[in-house]
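Below is one structure, written out as structure tokens; the observations come after it.
Rule-based calculations on the coordinates, nothing more; no lab input. Values in this document were obtained by computation on a predicted structure and should not be read as measured data. Positions of Cβ are backbone-derived with ideal geometry, glycine not excepted, and every protein chain shown enters the neighbour counts.
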Amino acid sequence: MSDPLGSAPTQEFPRIHEDASETREIPYVTPSGTGTGDTSQATQQLPYVTPQPATAGPGHTPLPSQGWTRPVRRGKAATFFAKIRNAPAWVAPAALLTCFAGAAAVVVTTDPTDDVGTTTCAFKLVTGFDCPGCGGTRAFFYLLNGNIPEAARNHAIALFAAPFLVWMYLTWAGRRMFPKLRDKLPQFRITAAHATMFLIAWAVFWMVRNLPFAPFTSLYV
């Protein structure tokens with residue numbers, strides 16, 4: 001019985017091995033071999049494209065070993081400080097000066113030297129002794145009014161530290177707002193030795209002002 005489709009040559013395609021180390025090839029039959037009995041075949045090698053990791057968009061951080069990215073969420077505090085860092089150079093000095101002016105206005109208005117009511121120091125309420133910070137607000141009040149002796153009597157350590165704090169602020173603000181002055185303004189740097197000596201002097205002043213005999217009783221506030 002004859003084949004109704006006619007005798008047509010059969011074509012065998014090359015077997016593709018599953019080994020990933022071999023070249024990936026696909027069979028390609030030339031047009032000349034169609035219907036002519038020509039079984040000559042050729043193979044065409046396709047280029048292998050290496051997958052690229054995904055590019056991180058705005059607000060995304062790529063993972064070190066994967067192409068998937070996830071959004072970075074910042075808290076309100078981190079966002080606030082990031083805006084301060086990127087703000088103009090005069091913003092931080094102006095903000096600090098505004099806070100200082102507000103504190104000075106409150107101290108001058110309330111007048112902490114009137115001795116009205118009980119003390120607000122918890123340490124003094126419990127023990128009856130001055131704490132290391134007692135008299136600091138009064139010293140600040142007298143210093144704002146130009147009364148240096150009374151400022152020293154209320155808190156000599158605070159009066160001693162005041163000019164250094166002012167100089168540190170001025171040099172920091174000047175170097176920040178005027179970069180050309182960075183080499184001209186000597187900056188005061190607090191070392192570990194400076195901090196240790198300051199804390200020792202503060203502790204001695206605290207103990208001396210609590211002695212119950214003259215002339216140290218004049219330092220008690």
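Which whole-number percent of Cα pairs in the range 130-221 have a distance greater than 17 Å?
In whole percent, the long-distance tail amounts to 59.
How large is ³J(HN,Hα), in whole Hz, for each residue of the range 154-160 in order, when computed from phi with the Karplus curve 6.51 cos²θ - 1.76 cosθ + 1.60 and θ = phi - 60°, using x for Gly and Pro?
6, 6, 5, 5, 5, 5, 5
Among PRO186, LEU219, ILE157, whose Cα lies farthest out toward the positive end of the dipole of the range 130-221, if unit charges sit on the beta carbon of Lys, Arg (+1) and Asp, Glu (-1)?
After comparing all options, I get PRO186.
Which order results if ARG182, ARG175 are arranged by neighbouring Cβ count within 10 Å, fewest first?
ARG182, ARG175
For ILE148, ILE157, what ranking results if the residue with the fewest other Cβ atoms within 10 Å of its Cβ goes first?
ILE148, ILE157
Counting residues in the range 77-139 as N, plug N into 2.2 N^0.38 Å and put the Cα Rg over that result. Before the final figure, lay out each step's value.
Numbers: Rg = 17.7 Å, N = 63, 2.2 N^0.38 = 10.6 Å.
With N residues counted in the range 77-139, Rg over 2.2 N^0.38 Å equals 1.66.
Using a 10 Å cut-off around each Cβ, can you sort ASP111, ASP130, ASP183 from fewest to most neighbouring Cβ atoms?
Going from least to most buried by this count: ASP183, ASP111, ASP130.
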